[in-house]
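Worksheet: one structure, shown below.
The values are calculated or read from the model by the stated rules, or taken from the named source; none is laboratory data. Computed from a predicted model, the values in this text were never measured in an experiment. Cβ placement follows ideal geometry from the backbone for every residue including glycine, while neighbour counts extend to all protein chains displayed. We work out accessible area using only protein heavy atoms, side chains counted, and drop any ligands, DNA or RNA first. Shrake-Rupley method; radii C 1.70, N 1.55, O 1.52, S 1.80 Å.
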Amino acid sequence: MSRIGVITFPGTLDDVDAARAVRYAGGEPVALWHDDADLKGVDAVVVPGGFSYGDYLRAGAIAARSPVMGPVVEAGRAGMPVLGICNGFQILCEAGLLPGALVRNHGLRFVCREVGLRVEADTAWTSSFAVGQDIRVPLKSGEGRYVADAATLDALEGEGRVVFRYTEPAPNGALRDIAGISSADGRVVGLMPHPEHAIDALTGPGTDGLGLFTSVLTRLTAAA
Amino acid sequence: MARVIVDVLPKAEILDPQGQAVARAMGRLGVDGVADVRQGKHFELEVDDTVDDAALERIAGSLLANPVIEEWVVRRVQ
(Lines give C-alpha, C1' and ligand atoms only; values in the text may rest on other atoms or scores of the structure.)
Protein backbone atom coordinates (compact mmCIF):
# COMPACT_ATOMS: atom_id res chain seq x y z
CA MET A 1 0.00 0.00 0.00
CA SER A 2 1.36 3.42 -0.91
CA ARG A 3 2.42 5.55 2.04
CA ILE A 4 1.54 9.24 1.89
CA GLY A 5 3.18 11.60 4.39
CA VAL A 6 1.01 14.33 5.92
CA ILE A 7 3.01 17.10 7.58
CA THR A 8 1.90 18.79 10.79
CA PHE A 9 3.42 22.18 11.62
CA PRO A 10 2.54 24.14 14.76
CA GLY A 11 -0.73 25.78 13.70
CA THR A 12 -1.67 23.25 11.00
CA LEU A 13 -5.44 22.54 11.06
CA ASP A 14 -6.26 20.21 8.21
CA ASP A 15 -3.78 17.38 8.71
CA VAL A 16 -6.46 15.12 10.19
CA ASP A 17 -8.76 15.62 7.22
CA ALA A 18 -5.87 15.17 4.79
CA ALA A 19 -4.90 11.86 6.47
CA ARG A 20 -8.55 10.79 6.35
CA ALA A 21 -8.70 11.59 2.62
CA VAL A 22 -5.60 9.45 2.02
CA ARG A 23 -7.29 6.58 3.92
CA TYR A 24 -10.58 6.99 2.01
CA ALA A 25 -8.65 6.80 -1.26
CA GLY A 26 -6.98 3.54 -0.17
CA GLY A 27 -3.55 4.78 0.92
CA GLU A 28 -1.72 4.70 4.24
CA PRO A 29 -1.24 8.14 5.79
CA VAL A 30 2.05 8.67 7.62
CA ALA A 31 2.30 11.52 10.12
CA LEU A 32 5.31 13.81 9.58
CA TRP A 33 6.29 16.51 12.07
CA HIS A 34 7.73 19.92 11.18
CA ASP A 35 10.91 19.10 13.09
CA ASP A 36 11.53 15.75 11.34
CA ALA A 37 14.81 15.50 9.48
CA ASP A 38 13.60 12.84 7.04
CA LEU A 39 10.40 11.70 5.32
CA LYS A 40 10.17 8.18 6.85
CA GLY A 41 10.33 6.56 3.43
CA VAL A 42 6.96 7.86 2.18
CA ASP A 43 6.00 7.72 -1.51
CA ALA A 44 4.35 11.15 -1.63
CA VAL A 45 3.71 14.11 0.67
CA VAL A 46 0.68 16.27 1.44
CA VAL A 47 1.35 19.71 2.95
CA PRO A 48 -2.03 20.50 4.52
CA GLY A 49 -3.84 23.74 5.33
CA GLY A 50 -4.08 25.82 8.45
CA PHE A 51 -2.07 28.67 9.92
CA SER A 52 1.43 27.27 10.37
CA TYR A 53 3.44 29.33 12.85
CA GLY A 54 0.45 31.64 13.17
CA ASP A 55 1.04 33.08 9.68
CA TYR A 56 3.88 35.08 11.29
CA LEU A 57 6.03 37.09 8.85
CA ARG A 58 4.04 35.88 5.79
CA ALA A 59 1.66 32.94 5.39
CA GLY A 60 3.87 29.87 4.99
CA ALA A 61 7.17 31.75 5.32
CA ILE A 62 8.42 30.15 8.54
CA ALA A 63 7.11 26.67 7.69
CA ALA A 64 8.90 26.78 4.34
CA ARG A 65 12.20 27.06 6.24
CA SER A 66 11.44 24.41 8.88
CA PRO A 67 13.55 21.21 9.09
CA VAL A 68 11.09 18.84 7.36
CA MET A 69 10.83 21.08 4.29
CA GLY A 70 14.48 20.52 3.33
CA PRO A 71 13.88 16.87 2.36
CA VAL A 72 10.43 17.76 0.90
CA VAL A 73 11.99 20.30 -1.48
CA GLU A 74 14.75 17.87 -2.39
CA ALA A 75 12.32 14.99 -3.02
CA GLY A 76 9.86 17.24 -4.88
CA ARG A 77 12.60 18.45 -7.23
CA ALA A 78 13.55 14.79 -7.81
CA GLY A 79 10.00 13.85 -8.82
CA MET A 80 8.20 12.77 -5.64
CA PRO A 81 4.52 13.78 -5.80
CA VAL A 82 3.83 16.66 -3.40
CA LEU A 83 0.43 18.31 -2.85
CA GLY A 84 0.10 21.66 -1.07
CA ILE A 85 -3.40 22.62 0.03
CA CYS A 86 -4.20 26.22 1.06
CA ASN A 87 -1.47 27.04 3.64
CA GLY A 88 0.40 24.11 2.08
CA PHE A 89 0.27 25.87 -1.30
CA GLN A 90 1.59 29.03 0.35
CA ILE A 91 4.40 26.98 1.92
CA LEU A 92 5.37 25.37 -1.42
CA CYS A 93 5.55 28.83 -3.04
CA GLU A 94 7.61 30.22 -0.15
CA ALA A 95 9.91 27.17 -0.38
CA GLY A 96 10.46 27.79 -4.08
CA LEU A 97 8.94 24.47 -5.23
CA LEU A 98 6.21 26.39 -7.08
CA PRO A 99 6.46 29.86 -8.66
CA GLY A 100 4.51 32.95 -7.60
CA ALA A 101 3.00 33.90 -4.25
CA LEU A 102 -0.31 34.05 -2.39
CA VAL A 103 -1.31 37.46 -1.04
CA ARG A 104 -4.22 39.05 0.81
CA ASN A 105 -7.62 38.59 -0.87
CA HIS A 106 -8.43 41.68 -2.95
CA GLY A 107 -11.60 42.36 -0.93
CA LEU A 108 -9.74 41.96 2.40
CA ARG A 109 -12.36 39.41 3.46
CA PHE A 110 -11.73 35.83 4.49
CA VAL A 111 -13.65 33.73 1.96
CA CYS A 112 -15.26 30.52 3.26
CA ARG A 113 -17.62 28.78 0.86
CA GLU A 114 -17.87 26.16 -1.87
CA VAL A 115 -16.35 27.05 -5.23
CA GLY A 116 -16.35 25.50 -8.67
CA LEU A 117 -12.98 24.55 -10.14
CA ARG A 118 -12.14 23.51 -13.69
CA VAL A 119 -9.47 20.83 -13.93
CA GLU A 120 -7.19 22.06 -16.71
CA ALA A 121 -4.18 19.75 -16.57
CA ASP A 122 -3.39 16.05 -16.26
CA THR A 123 -0.94 15.80 -13.35
CA ALA A 124 0.09 13.24 -10.73
CA TRP A 125 -2.73 14.61 -8.55
CA THR A 126 -5.48 15.02 -11.21
CA SER A 127 -5.29 11.96 -13.45
CA SER A 128 -8.60 10.63 -12.03
CA PHE A 129 -10.36 13.63 -13.57
CA ALA A 130 -10.97 14.45 -17.22
CA VAL A 131 -9.28 17.63 -18.41
CA GLY A 132 -12.07 20.20 -18.58
CA GLN A 133 -14.07 18.57 -15.78
CA ASP A 134 -15.70 20.86 -13.21
CA ILE A 135 -15.52 19.94 -9.52
CA ARG A 136 -16.86 21.56 -6.34
CA VAL A 137 -14.78 21.91 -3.19
CA PRO A 138 -14.64 24.37 -0.26
CA LEU A 139 -12.42 27.45 -0.29
CA LYS A 140 -11.47 28.96 3.09
CA SER A 141 -8.66 31.49 3.07
CA GLY A 142 -7.81 35.11 3.67
CA GLU A 143 -4.59 35.13 1.66
CA GLY A 144 -5.50 33.12 -1.40
CA ARG A 145 -4.93 35.61 -4.19
CA TYR A 146 -2.40 34.00 -6.54
CA VAL A 147 0.06 36.47 -8.06
CA ALA A 148 3.12 36.19 -10.26
CA ASP A 149 4.66 38.43 -12.89
CA ALA A 150 3.20 38.34 -16.41
CA ALA A 151 6.09 36.30 -17.82
CA THR A 152 5.59 33.60 -15.15
CA LEU A 153 1.82 33.54 -15.72
CA ASP A 154 2.34 33.23 -19.49
CA ALA A 155 4.83 30.40 -18.96
CA LEU A 156 2.45 28.55 -16.62
CA GLU A 157 -0.37 28.84 -19.15
CA GLY A 158 1.86 27.95 -22.10
CA GLU A 159 3.28 24.87 -20.38
CA GLY A 160 -0.13 23.59 -19.22
CA ARG A 161 0.73 24.14 -15.57
CA VAL A 162 -2.49 25.90 -14.55
CA VAL A 163 -4.09 22.85 -12.94
CA PHE A 164 -7.23 24.40 -11.41
CA ARG A 165 -9.06 27.57 -12.38
CA TYR A 166 -12.10 29.06 -10.61
CA THR A 167 -15.21 28.63 -12.79
CA GLU A 168 -16.35 32.08 -11.62
CA PRO A 169 -14.38 35.32 -11.22
CA ALA A 170 -11.86 34.36 -8.52
CA PRO A 171 -13.43 35.20 -5.14
CA ASN A 172 -10.00 36.29 -3.86
CA GLY A 173 -8.90 38.23 -6.96
CA ALA A 174 -6.36 35.59 -8.06
CA LEU A 175 -4.67 36.62 -11.29
CA ARG A 176 -6.22 34.89 -14.33
CA ASP A 177 -8.59 33.14 -11.89
CA ILE A 178 -5.85 30.66 -11.00
CA ALA A 179 -6.72 28.33 -8.11
CA GLY A 180 -3.89 25.81 -8.47
CA ILE A 181 -0.67 25.22 -10.40
CA SER A 182 1.96 22.52 -10.85
CA SER A 183 5.70 22.08 -11.24
CA ALA A 184 7.05 21.58 -14.77
CA ASP A 185 6.89 17.77 -14.36
CA GLY A 186 3.30 17.88 -13.03
CA ARG A 187 4.21 16.08 -9.81
CA VAL A 188 4.20 19.00 -7.38
CA VAL A 189 0.75 20.63 -7.23
CA GLY A 190 -0.56 23.44 -5.04
CA LEU A 191 -4.10 24.78 -4.77
CA MET A 192 -5.96 27.13 -2.43
CA PRO A 193 -9.31 25.25 -2.17
CA HIS A 194 -9.63 22.17 0.02
CA PRO A 195 -10.22 18.84 -1.75
CA GLU A 196 -9.68 16.97 1.54
CA HIS A 197 -12.91 18.53 2.88
CA ALA A 198 -14.92 17.15 -0.06
CA ILE A 199 -14.50 13.40 0.21
CA ASP A 200 -17.69 12.36 1.97
CA ALA A 201 -21.22 13.63 1.30
CA LEU A 202 -21.92 13.56 5.04
CA THR A 203 -19.29 16.17 5.89
CA GLY A 204 -18.69 18.10 2.68
CA PRO A 205 -20.26 19.37 -0.52
CA GLY A 206 -19.67 16.02 -2.23
CA THR A 207 -16.85 13.63 -3.01
CA ASP A 208 -15.12 15.48 -5.87
CA GLY A 209 -12.01 16.13 -3.77
CA LEU A 210 -11.25 12.44 -3.37
CA GLY A 211 -10.06 12.39 -7.00
CA LEU A 212 -6.80 14.11 -6.11
CA PHE A 213 -5.91 11.36 -3.67
CA THR A 214 -7.00 8.46 -5.89
CA SER A 215 -4.99 10.07 -8.71
CA VAL A 216 -1.70 9.96 -6.86
CA LEU A 217 -2.31 6.44 -5.52
CA THR A 218 -3.04 5.21 -9.05
CA ARG A 219 0.14 6.91 -10.25
CA LEU A 220 2.24 5.40 -7.46
CA THR A 221 0.80 1.90 -7.97
CA ALA A 222 1.47 2.11 -11.70
CA ALA A 223 5.07 3.13 -11.02
CA ALA A 224 5.68 0.35 -8.47
CA MET B 1 26.81 45.28 18.06
CA ALA B 2 25.00 47.29 15.45
CA ARG B 3 21.40 48.15 14.86
CA VAL B 4 20.05 47.43 11.39
CA ILE B 5 16.72 48.49 9.94
CA VAL B 6 15.04 46.47 7.20
CA ASP B 7 11.96 48.01 5.61
CA VAL B 8 9.80 45.79 3.41
CA LEU B 9 7.06 47.06 1.08
CA PRO B 10 4.83 45.39 -1.50
CA LYS B 11 6.16 45.99 -5.01
CA ALA B 12 4.54 48.90 -6.82
CA GLU B 13 2.76 46.58 -9.26
CA ILE B 14 1.31 44.37 -6.50
CA LEU B 15 -2.19 45.35 -5.38
CA ASP B 16 -2.05 46.51 -1.74
CA PRO B 17 -5.64 46.35 -0.50
CA GLN B 18 -4.58 47.06 3.10
CA GLY B 19 -2.81 50.26 2.08
CA GLN B 20 -5.84 51.28 0.03
CA ALA B 21 -8.16 50.70 2.99
CA VAL B 22 -5.89 52.86 5.18
CA ALA B 23 -5.89 55.59 2.51
CA ARG B 24 -9.69 55.60 2.37
CA ALA B 25 -9.89 55.83 6.17
CA MET B 26 -7.67 58.93 6.09
CA GLY B 27 -10.27 60.69 3.98
CA ARG B 28 -12.81 60.02 6.74
CA LEU B 29 -10.53 61.78 9.25
CA GLY B 30 -11.01 64.95 7.28
CA VAL B 31 -7.42 64.95 6.01
CA ASP B 32 -7.17 65.70 2.32
CA GLY B 33 -4.12 65.46 0.13
CA VAL B 34 -2.91 61.93 0.87
CA ALA B 35 -2.66 60.48 -2.62
CA ASP B 36 -1.59 56.93 -1.78
CA VAL B 37 -0.63 54.61 1.09
CA ARG B 38 1.44 51.44 0.87
CA GLN B 39 1.59 49.23 3.94
CA GLY B 40 4.70 47.21 4.70
CA LYS B 41 6.84 45.84 7.51
CA HIS B 42 9.64 47.37 9.57
CA PHE B 43 12.29 45.13 11.17
CA GLU B 44 14.96 46.16 13.68
CA LEU B 45 17.88 43.76 14.06
CA GLU B 46 20.65 43.80 16.65
CA VAL B 47 23.63 42.15 14.99
CA ASP B 48 27.24 41.61 16.00
CA ASP B 49 30.29 42.44 13.91
CA THR B 50 30.39 39.04 12.21
CA VAL B 51 27.23 39.87 10.25
CA ASP B 52 28.40 41.68 7.13
CA ASP B 53 26.35 43.48 4.48
CA ALA B 54 26.15 40.38 2.29
CA ALA B 55 24.67 38.39 5.18
CA LEU B 56 22.16 41.15 5.90
CA GLU B 57 21.12 41.21 2.25
CA ARG B 58 20.66 37.43 2.37
CA ILE B 59 18.52 37.68 5.52
CA ALA B 60 16.38 40.40 3.95
CA GLY B 61 16.02 38.87 0.50
CA SER B 62 15.46 35.25 1.48
CA LEU B 63 13.47 35.53 4.72
CA LEU B 64 12.23 38.98 5.78
CA ALA B 65 10.95 39.78 2.28
CA ASN B 66 9.55 37.59 -0.49
CA PRO B 67 11.23 38.85 -3.69
CA VAL B 68 8.22 37.72 -5.74
CA ILE B 69 5.94 40.32 -4.19
CA GLU B 70 8.06 42.64 -2.06
CA GLU B 71 11.01 45.03 -2.20
CA TRP B 72 13.23 45.91 0.72
CA VAL B 73 15.82 48.37 1.99
CA VAL B 74 18.58 47.49 4.49
CA ARG B 75 20.08 50.33 6.59
CA ARG B 76 22.71 50.26 9.32
CA VAL B 77 21.73 52.95 11.81
CA GLN B 78 24.45 52.57 14.49
Antiparallel bridges, percent of DSSP beta bridges restricted to the range A:3-223 (to nearest 5): 55
Average accessible surface area per residue within the range A:3-223, 1.4 Å rolling probe, Å²: 36
Delta accessible area of at least 10 Å² on complex formation, residues of the range B:49-68, 1.4 Å probe, chain isolated as reference: B:Ser62, B:Leu63, B:Leu64, B:Asn66, B:Val68
Computed accessible area, B:Lys11, all protein chains, 1.4 angstrom probe, square angstrom: 50
Inter-site label distance for A:Glu74 and A:Val16 at 7 Å from Cα along Cβ, in nm: 3.3
Helix-only [θ]222 nm of chain A, DSSP H runs n ≥ 4, -39500 (n - 2.57) each, per residue, nearest 500: -6500 deg cm²/dmol
Carbon and sulfur %, accessible surface of the range A:1-102 computed with the full protein complex present, 1.4 Å: 55
For chain A: relative contact order, % (alpha-carbon pairs under 8 angstrom, 6 or more apart): 21
Amide N proximity, the range B:33-71 versus B:Arg3 label position 7 Å along Cα-to-Cβ, cut-off under 12 Å: B:44-47
Heavy-atom accessible surface that A and B bury in contact, both chains counted, 1.4 Å, Å² to 100: 1100
Per-q log10 I(q)/I(0), the range A:1-153, q = 0.13, 0.20 Å⁻¹ (Debye; single scatterer per alpha-carbon; no solvent): -0.60, -1.47
Partners for B:Lys41 among lysines (Cα-Cα distance below 16 Å; same-chain residues under 8 apart left out): B:Lys11
